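Heads up, the thing below is written out as structure tokens.
The values are calculated or read from the model by the stated rules, or taken from the named source; none is laboratory data. Worth saying up front: this structure is predicted, and the values here are computed from it rather than measured. Ligands, DNA and RNA are stripped out before the accessible areas are found, and what is left, the full protein with its side chains, is counted by its heavy atoms. Shrake-Rupley method; radii C 1.70, N 1.55, O 1.52, S 1.80 Å.
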Amino acid sequence: MPLEKFVLILVVVIAAAGLTVWVGTWIAASMQFPLGWIAIVPIALLAYIAWRVLAERLNNSDDDHYDRIEK
């Protein structure tokens with residue numbers, strides 16, 4: 001495995017862990033205030049948008065065209 005790929009995976013994993021902790025603390029803090037649960041709405045919206053973008057990227061047949069090109 002090339003070093004660049006390993007470092008990229010490491011950076012993505014650390015960023016995902018930090019994002020998870022940040023979202024968790026945001027949700028926990030929002031539960032302490034009256035009507036604080038409304039803060040969950042932007043998180044849910046961003047998660048839905050990310051889910052749709054990933055699903056589109058994974059199921060797009062136009063992107064698969066380049067997989068069949070011989071290197």
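Which of the residues spanning the range 26-54 are at pLDDT below 80, open to solvent by 80 Å² or more (accessible area, probe 1.4 Å) and among the aliphatic types (A, V, I, L, M)?
Passing the criteria: Met31, Leu35, Ile38.
Scanning for something modelled with pLDDT of 90 or more, among the polar types (S, T, N, Q) and open to solvent by 70 Å² or more (accessible area, probe 1.4 Å), does the range 5-24 turn up at least one residue?
Within the range 5-24, one or more residues are modelled with pLDDT of 90 or more, among the polar types (S, T, N, Q) and open to solvent by 70 Å² or more (accessible area, probe 1.4 Å).
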